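Report on the following structure.
Where a number appears in this text, it was derived from the coordinates with a stated rule and is not lab data. Quick caveat: nothing in here was measured; it's all calculated off a predicted structure. Here the Cβ positions follow ideal geometry from the backbone for every residue, glycine too, while neighbour counts run over all protein chains shown.
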Amino acid sequence: MTDKNALELKDLSVAYRVGRRNRAVLRNVNLTIKAGEAYGLVGESGCGKSTVALSVVRYLPRNGSITGGSIALDGKDVMKLDAEALRRARADSVSMVYQDPGKALNPSLRIGRQLTEIFELAGVTGQAAEDKAVAMLNRVRISDPASVMQRYPHQLSGGMQQRVAIAMALANDPSMLILDEPTTGLDATVEAEVLDLIGQLRRELSASILFISHNLAVVSNMCDRVGVLYAGMLVEEGSTKDVFNDPRHPYTVALLRCLPRGGQRKDQGRLDTIPGFLPGIGANIVGCAFADRCALATERCRAEPPPLYELGDGRLSRCHYHDKAQSLPRATPAEIAATAPKQAPPVLQVEGLNKTYASHGRPLRAVKDVSVSLRPGETLGLVGESGSGKTTFARLLLGLVAPDDGGSIELEGKQLAPRLASRSEDQVKAVQIVFQNPDSALNRSHSIRHILSRALKRLGGLSGKTLDTRLEELVRSVRLTDRHLAVKPRQLSGGLKQRVAIARAFAGDPRIVVCDEPTSALDVSVQAAILNLLADLQSRQDVSYIFISHDLGVVRYLSDKIAVLYLGRIMEFGPSEAVFSGPHHPYTEALLSAVPKLDRTESSRIRLDGEIPSAANPPTGCVFHTRCPRKIGAICETQEPELTEAQPGHTIRCHIPYAELARLQKPKIVEPA
Amino acid sequence: MSATDTPASLPAPAPAPDTAQRSPWGEVLHSLSRSGTFLTGLFILLFWVVCALFGQHFVPYDPLASDIIDALTPPAADHWFGTDQLGRDVFSRVIVGSRDILTVAPLATILATIAGTALGLVIGYFRGIVDDIVSRVLEAFMAIPVVIIALLAIVALGTSKITVIVVIGLSFAPIIARTVRSAVLAERELDYVAAAKLRHEGALHTMFVEILPNVIPPILVETTVRLGYAIFAVATLSFMGFGIQPPSPDWGLSISSNYGMIGGGFWWTVLFDALAIASLVIGVNLVADGVHGAFND
């Protein structure tokens, strides 16, 4: 390793021109990445993370311009390069991997063509280029590269596509690799694979890495040093360990507190939140940018912009009171009223539910023989990779999709008709949903008042004055105000939109609300507020949730029971604590192991090979045997295991006896002190 | 309830103080007001609208008054565009001739839009067998030239402006229905439609209250495009004698009664009417281009 810096940003300022005015996006960012170093850049959306990446390769959108400072790549000033030199620099020394590999690859060219093209640019042609491409695919651990070369991007899974994108980025042996949210949108199991790959490549290559992510845990696992960006300013920097274990800026402190950590559960207290909003781009900032949202802020913070204080050991913090940052008071009180566990009869009882689609003439069993029960005020967490049938199951409950004949859904002891149209008004309003994407879920042509009034009219059966009174209550219960009623959804931020969607679901006093990844599109601070809101509403109204999420920390926080689905089958079902603490099904074990942990205490590393098989052609025997790290033999391939009770209320679908699972998984569940 | 959470207690929701402040329609208007294409088209269109509304008050001659002595005089100071075979002032006729076409074509387009939108919403929303059958019928319908349909209708119903409006309106409706259908197909997959189902909303409410407002932009674009075609269709039908009837100074009609004169060198009896049709169609198409651009930026 040399002392030369791979990337050096000096006082970089970038502005976007909007409405004939330059609006500052980055403000005097200083950042240095040493050769061979992995640097993580974190912050909520709108902080300017991606703008940093785009500035480095001078790919800013047309209305963006660098208004000050300098960028040096490998010691060369990027700002001074002419078009040809810039092209050379992009071709030779810097590569970028984007969030969505599906969009980064050309859909109409074979993988092989796209890869060899890069080598041809470097002057290698014909067979030599092809050999290099195969070597590149081998390097990103793609088995059978020859066949992958022949395929088109759409024929590869998301994880494979991202590997190919990484292979392309590495093809020119760059000195600087920029990864912009490379695993966002991938399943946890695939994310783990891609992160492992990046980790391994780091050891093999000399490239420096700029790793951009909103996921603090991912950054903590991948990077040596980390910078926290807020409102286009670097507010804290230091070694990853220091920043995450001993943060010195209130914003970092607050961000870390928003995450449900260490198996925190809703009955142990509320999550902390960050009040207020990020200053809009181009906002005129006097004093500290975070002062408005910071409980520690004093007059000095509002008047005098804090410099980047040097705290020694390469640590920097842009806070006047960096020594007190960790004493930041909570924005949300943790206390909650203790609720006594109830033994009410189940509100929902599902027996033997099946859903078969026809796929090219073959039956595709999206949901197979699912039985669950749920009490009032409980949350059932649905966990599994995409394609495991979580959403189909939710749609069956809602009646949006009709199940196969045979199974039954009972709501408060009464049979629910399979189709929504044949359910009674009371049953319809009793089962509602909060969708993943509020932009799709809220009609963009209607005002918030229209959306909620209509829900109250149809679901609550209200009209006139009573409707208005109830509307006011409803709006307050999700912590919106009258002011929000007049606007259209697009005028609200993501978190506020999701509150409207929650209010709509609660308009008719539902018994069950399906929450389909309700926080996956939100920043962590907003996510915490939404999770708190859901927990509060639940404890107040005794409503039950079916909670779908790929984020196991979030599921664990909110759920009382967990159902782990794989290819439409329940692999494990039981009380949340039992499922998480184990012994668990090998699939659950693998899912848990795939979650990046903030404290880097990786006790077990179980990686699933390949991707989830097609439900149209499921493996024989135990459907998980093709990927199971604990497969015991032929029985797994020939005979489908029954869902057997391991402990009261905790069932596991596995041939390995419970005691044996406990023995196998024992060393791995040691929690760090 | 304790204020355990924050957004409510904070000033104004987040939108950045930029173009996001404008409503979507405000943004479209803003974009239109800066589009040269749209403004040029609008200028041409407005010119003809003014002629249609007030032309008869400022034209130098009565467009219907014939003066056999002065027949077929070439353009000159007292007859700017010359006179036709009956000695009628061509300039006055061109100006006032915009009136019928600018009544019939827009009305036909509005009829096509209303019928096409309703049809498109229904087949896009219900899909399945309804869509299969109706779509095939529409395709068959679209395969027949407007002129043939007009001929049949006029034989059956007799010539009148109403017949022309109905014929053009109904023959354009399938095209608009197809545009609306594809917009509705995308829209109905959005979760707000599922949310409406989960309120037991009826199909009519879902189609017209939930979905319709969101498919207005493509409908508006298609409508302006159709207006251009409608103008052309009206002129064609009039030229063939199935459209607007004499003694109207309508452009298509004038061309058809004078085009035999071109051979004799009396070009002015046809040229100015033809230019009028062309300019109106171009104007409407420029407007359509501008509207399309404003919605798709």
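Observations on the model:
- Förster-model FRET efficiency, 25 Å R0, residue B:162 and residue B:279, C-beta, rounded to 0.05: 0.40
- Low-density loop cleavage sites - chymotrypsin sites (Phe, Trp or Tyr not before Pro) in the stretch A:35-130, where at most 16 other Cβ are within 10 Å (DSSP): A:59
- Neighbourhood net charge (10 Å Cβ-Cβ; Lys/Arg +1, Asp/Glu -1) for residue A:33: -1
- Neighbours of residue A:296, meaning other residues whose beta-carbon lies under 15 angstrom from its beta-carbon, give a summed charge of +2 when Lys and Arg score +1 and Asp and Glu score -1.
- Put a dot 7 Å past the Cα of residue A:642, heading toward its Cβ, do the same for residue A:616, and the two dots end up 3.4 nm apart.
- Between residue A:408 and residue A:335, the FRET efficiency estimated from the beta carbon spacing at R0 = 45 angstrom works out to 0.65.
- Contour minus Cα-Cα distance for residue A:92 and residue A:419 (0.36 nm per residue): 111.8 nm
- FRET efficiency for residue A:304 and residue A:476, using Cβ-Cβ distance with R0 set to 45 Å, rounded to 0.05: 0.75
- Exposure proxy ranking, count of Cβ atoms within 10 Å, fewest first, for B:25, B:251: B:25, B:251
- Cα gyration tensor, chain A - rounded (a/c under 1.5), prolate or oblate: oblate
- Amide H contacts of residue A:13 (H built 1.01 Å from N, under 5 Å, at least 5 apart or other chain): A:28, A:29, A:67, A:68, A:69
- For chain A, the relative contact order works out to 12 percent when only alpha carbon pairs closer than 8 Å and six or more residues apart are counted.
- Neighbour-limited loop hits for GluC sites (Glu not before Pro), the stretch A:245-344 (at most 11 other Cβ within 10 Å; DSSP other than H, G, I, E, B): A:335
- For B:292, B:30, A:584, order by how many other beta-carbon atoms lie within 10 Å, fewest first: B:30, B:292, A:584
- When each of A:390/A:429; A:465/A:561; A:80/A:597; A:76/A:132; A:390/A:465 is checked by Cα-Cα distance, pairs over 32 Å: A:465/A:561; A:80/A:597; A:390/A:465
- For the residues B:144, B:123, B:114, a GNM of chain B with alpha-carbon springs under 10 Å puts the largest fluctuation on B:144.
- In Hz, Karplus ³J(HN,Hα) per residue of the stretch A:63-73 (6.51, -1.76, 1.60; θ = phi - 60°; x = Gly, Pro): 8, x, 8, 7, 9, x, x, 9, 10, 10, 10
- Whole-Hz Karplus values for the stretch B:261-268 come out as 7, 4, x, x, x, 8, 4, 5 Hz, taken residue by residue from phi with 6.51 cos²θ - 1.76 cosθ + 1.60 and θ = phi - 60°; glycine and proline positions read x.
- Listed by chain and number, the lysines placed with their C-alpha closer than 20 angstrom to that of residue A:324 are A:241; residues fewer than eight positions away on the same chain are left out.
- 13 Å Cα-Cα reach of residue A:49 towards aspartates and glutamates, excluding residues that sit fewer than 8 places from it in its own chain: A:180, A:181
- Table column - 3J(HN,Hα) (Hz), the stretch A:440-451, Karplus curve with 6.51, -1.76, 1.60, x for Gly and Pro: 7, 7, 9, 5, 6, 8, 9, 6, 4, 4, 4, 4
- Here the simple spin-label model places points 7 Å from the Cα toward Cβ, and for residue B:216 and residue A:246 these points are separated by 6.0 nm.
- Ranked for footprinting exposure by Cβ neighbours inside 10 Å, fewest first, A:632, A:66, A:33 give A:632, A:66, A:33.
- Chain B shape via C-alpha gyration tensor axes, a/c threshold 1.5: oblate
- Database remark: amide H of residue A:156 closer than 5 angstrom to no amide H (H placed geometrically; neighbours at sequence offset of 5 or more, or on other chains; Pro and chain starts carry no H).
- A cut-off of 5 Å between modelled amide H atoms, ignoring neighbours fewer than 5 places along the same chain, links residue A:566 with A:571.
- Residue-span extension gain [residue A:150 to residue A:70] - 0.36 nm each, minus C-alpha spacing: 24.5 nm
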